[in-house]
Amino acid sequence: MLQRQHPVRIAAALACALALALPLAAGAAGPAGKAMTTAPMKSNGSGVQVQYRVDGTPEAGRPVPVVLGFDGIAAAGATVRLATEGGLTLTSAETTRSLPAGQATTWTVEVMPAAAGIGYLNVFTTQGGATSATSIPVSVGKPSATMPASGALKQSTDGEKILPMQVK
Amino acid sequence: MQAMWARRSVAVTAVVALLTACGGGGGGGGGGGFAGSLIGVPAAGSGAVTLSGTATYVSIPNPSGALVYGSATPKPIRGATVEIVNSASAAVIATATTDASGAYSVSLPSSIQVLVRIKAQMTQGGSGATWDVTVRDNTQSDAIFALETPSFATGTGAITRDVQAPSGWDGSRYASTRVAAPFAVLDTVYAAQAKMLSVAPGTAFPALKLYWSTNNVPAVGNPALGQIGTTSFTMSNGARAIYVLGKENVDTDEYDASVVAHEWGHYYQSAFSRDDSPGGSHALTDKLDRRAAFSEGWGNAWSGIALARNNYTDSVGQAQGQGADIDLTASGVAGPGWFREASIHSILWRLNSQVGFKPINDTLTSAAFKSGVAVTSIHPFTAAFGLAATGSASVLAGLLTGEQISAAANDPFGVNETNDGQVDGVLPMYRPATVGGSTRACVTNAAGAGNKLGSYVYLRFSLPSAGTHTITVAGPTAADPDFALYAGRQVDESVGFGASETKAVSLPAGDNVLVINDYNNSSANTCFNVSIQ
């Protein structure tokens with residue numbers, strides 16, 4: 001996919017991304033009126049457009065609703081499958097659903113983070129023999145801006161960092 | 001003593017780099033333009049030994065959508081930077097570049113401890129073809145991936161040290177470090193560059209950074225956390241980058257060479273051709289804006305051209321066991337046309353198979369295509385192809401007709417196009433606009449939002465002289481018009497908020513194109529009053 005956005009629009013998009021990536025502050029506006037985030041679509045994927053919204057402030061040990069929206073379903077219909085990772089569990093028993101042709105579908109599920117950090121609700125949509133994946137971040141606590149640094153990192157004489165991987 | 005070795009290596013490096021730069025040519029996937037180099041020749045009588053070997057990575061094939069781990073095979077690490085590191089001082093005492101077979105060779109002092117480091121990096125300077133490609137971890141300070149052997153003694157005689165980057169797959173999961181992954185990504189770029197060099201041996205490739213990580217997920221957010229959105233090409237402040245997914249059981253693309261090559265196709269457009277695509281989401285089932293259809297269709301076709309494949313595959317899901325398998329040899333869509341990326345990719349793929357890549361490259365890099373007034377789409381490509389490859393124009397015409405696209409020669413604006421994709425109002429492809437008066441122009445969300453067929457309306461007008469003009473686009477309350485101006489390239493844009501958009505723009509004399517859309521995609525028939533003063 002070619003990524004290209006206008007500067008003014010980038011500011012708006014970043015605001016949306018930050019709103020999604022960062023936890024809502026205590027007492028922040030609730031779900032009412034909160035916009036859905038449109039997931040990027042991969043080239044030559046299922047063609048199902050996925051939107052989502054995390055309704056509320058994720059907390060460890062407490063379920064939080066995630067609203068999923070699906071569109072772009074052709075005549076043969078599509079399917080969606082959910083999976084979680086990173087300490088996130090899906091409290092809803094249903095993990096798959098058929099998406100009817102020609103209409104937008106909304107599905108609200110609940111996920112529960114086990115601890116502070118970032119977990120992902122992975123959404124797999126399949127249509128016309130092609131599958132696409134979307135990962136929805138669910139963050140508990142203030143997420144770090146970076147991943148923990150590998151202890152293996154080295155720096156070359158020209159200042160470039162190198163990440164060595166040992167082989168036999 | 002070690003410092004002396006290092007200085008000699010640097011001096012010889014410059015000479016060999018020049019030799020390899022002049023050694024371009026060849027083609028196909030066999031490594032045209034890349035010659036292995038030998039660096040670090042010690043002084044006579046200094047007790048030198050030769051260290052040589054072959055570098056490989058474990059490649060997981062994707063023949064039809066899913067990764068087939070059972071068919072994993074070693075492939076050469078081609079064109080990569082080799083560093084020999086003194087184990088005691090950590091200094092790089094010799095460098096080399098792997099050849100098309102993954103072979104490398106260096107001369108070293110005898111009886112010292114060294115390790116072999118191979119970086120996921122291809123560089124070549126000099127006056128001929130040049131490139132600077134690195135594969136980096138966006139979640140680890142953008143560090144360049146490298147494999148390293150354990151330390152070993154050089155001894156007193158010639159030694160061989162073959163190295164292999166394993167996939168880390170244990171039969172059911174990635175159980176150890178995925179060393180091969182960044183080299184698989186690098187190898188796709190090697191193949192793409194080699195194809196380009198086969199028709200343009202002196203190509204100077206702008207620097208390209210590819211970012212891959214096991215943490216890279218298809219999530220919106222912070223790339224330093226792996227939230228890269230999806231595998232994609234970006235250019236910011238002149239820096240070109242391709243982000244590549246790597247999250248196991250979700251979506252990994254390091255072995256999906258089609259996907260990486262597709263994005264390299266966008267790099268090609270950025271570096272050597274022209275691409276006016278607004279970007280955005282797209283699928284084969286979509287009817288797309290002309291620019292998006294051409295750009296994405298080109299990316300698909302290029303993946304097949306560069307990799308000598310007739311399909312495009314992309315794995316996803318648990319154990320990378322699902323995926324897409326797209327036939328590049330035929331569009332396979334109902335209602336083909338200039339707005340279908342599948343029509344475009346099948347045309348360009350078949351054109352390559354019949355006339356070769358050179359006429360296509362000549363067209364895409366021609367002034368007629370890069371600097372024409374019409375925005376990038378199949379119609380100006382056709383017109384430019386007629387100039388760059390006159391003898392092959394009939395081949396292209398036949399392919400266009402088969403996809404229900406006007407094959408009229410010398411018609412960059414698609415004046416003779418009759419296929420509207422069953423979306424009202426998309427023809428004519430360019431409408432005349434009145435300078436000094438008002439013009440009505442409409443867009444529609446009938447084919448979808450954002451970058452779909454009818455989402456943009458194209459107006460054409462001519463100015464007798466260069467000057468500043470005020471453009472105003474006013475629409476209904478629910479709409480949010482934006483516009484861009486083209487005159488051989490994009491010369492300006494206005495992307496503010498609200499139902500009316502106004503901007504004073506400096507425009508050249510002659511033909512100009514004004515492209516308008518409704519950011520809100522508010523209705524199936526959103527009309528604007530357009531003023532050019």
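The values are calculated or read from the model by the stated rules, or taken from the named source; none is laboratory data. Just so it is clear, the structure is predicted and the values come from calculations on it, not from any experiment. Virtual Cβ from ideal backbone geometry, glycine too; neighbours counted across all protein chains shown.
Within the range B:179-191, can one find any residue that is farther than 18 Å from B:D253 by Cβ, surrounded by fewer than 24 Cβ atoms within 10 Å (Cβ to Cβ) and among the aliphatic types (A, V, I, L, M)?
No, that holds for no residue.
Which of the residues belonging to the range A:141-164 are at the interface with chain B (Cβ under 7 Å from one of its Cβ atoms) and either β-branched (V, I, T) or without any contact (Cβ under 8 Å) to a residue 12 or more places away in the chain (or both)?
A:A145, A:T146, A:M147, A:A149, A:L153, A:E160, A:K161, A:I162
Would you point out which residue out of B:N300, B:N310 is over 30 Å from A:E85 (Cα atoms), away from chain A (no Cβ under 14 Å) and polar (S, T, N, Q)?
Selected residue: B:N310, the only one of B:N300, B:N310 that is over 30 Å from A:E85 (Cα atoms), away from chain A (no Cβ under 14 Å) and polar (S, T, N, Q).
Residues of the range B:45-88 being polar (S, T, N, Q) and modelled with pLDDT of 95 or more, which ones?
Correct list: B:T50, B:S52, B:T54, B:T56, B:S59, B:N62, B:S64, B:S71, B:T73, B:T81, B:N86, B:S87.
Given B:S110, B:S101, B:S89, B:S59, which one is touching a helix residue (DSSP H, G or I) at 6+ places or on another chain (Cβ under 9 Å) and surrounded by fewer than 17 Cβ atoms within 10 Å (Cβ to Cβ)?
B:S89
Only one residue in B:A484, B:A479, B:A441, B:A474 is modelled with pLDDT of 95 or more, within 26 Å of the chain's Cα centre (by Cα) and not aromatic (F, W, Y), so which one is that?
Answer to the selection: B:A484.
Give the residues of the range B:80-92 that are touching a Lys or Arg at 6+ places or on another chain (Cβ under 9 Å) and part of a strand (DSSP E or B), sorted by residue number.
Within the range B:80-92, B:T81, B:V82, B:E83, B:I84, B:V85, B:V92 meet the criteria.
Would you point out which residue out of B:Q422, B:Q490 is within 14 Å of another protein chain (Cβ to nearest Cβ) and closer than 26 Å to B:R340 by Cβ?
B:Q490 is the lone residue from the list that is within 14 Å of another protein chain (Cβ to nearest Cβ) and closer than 26 Å to B:R340 by Cβ.
Identify, from the list B:V163, B:V199, B:V189, the residue that is more than 14 Å from chain A (Cβ to nearest Cβ), under 30 Å from B:A319 (Cβ atoms) and among the β-branched types (V, I, T).
Answer to the check: B:V189.
Filter the range B:313-350 down to residues that are aliphatic (A, V, I, L, M) and touching a Leu at 6+ places or on another chain (Cβ under 6 Å) and give me whichever is farthest from the other protein chains (Cβ to nearest Cβ).
B:I347
Identify, from the list B:L427, B:L485, the residue that is of a type outside the set (F, W, Y) and more than 28 Å from B:A283 (Cβ to Cβ).
From the options B:L427, B:L485, the qualifying one is B:L485.
Name every residue in the range B:230-247 that is in a loop (DSSP other than H, G, I, E, B) and closer than 15 Å to B:L210 by Cβ, in order of residue number.
B:T230, B:T231, B:L245
Somewhere in the range B:426-439, is a residue under 27 Å from A:Q103 (Cα atoms) and either in contact with a strand residue (DSSP E or B) (Cβ under 7 Å, 6 or more places away or on another chain) or part of a strand (DSSP E or B) (or both)?
no
Sort through A:V111, A:V138, A:V123 and tell me the only one that's surrounded by 16 or more Cβ atoms within 10 Å (Cβ to Cβ), outside any loop (DSSP other than H, G, I, E, B), touching a residue at least 12 places away in the same chain (Cβ under 8 Å) and more than 11 Å from chain B (Cβ to nearest Cβ).
A:V111
Can you find a residue that is touching a residue at least 12 places away in the same chain (Cβ under 8 Å) and within 18 Å of the chain's Cα centre (by Cα) anywhere in the range B:136-144?
Within the range B:136-144 (the criterion being touching a residue at least 12 places away in the same chain (Cβ under 8 Å) and within 18 Å of the chain's Cα centre (by Cα)), the answer is yes, since at least one residue qualifies.
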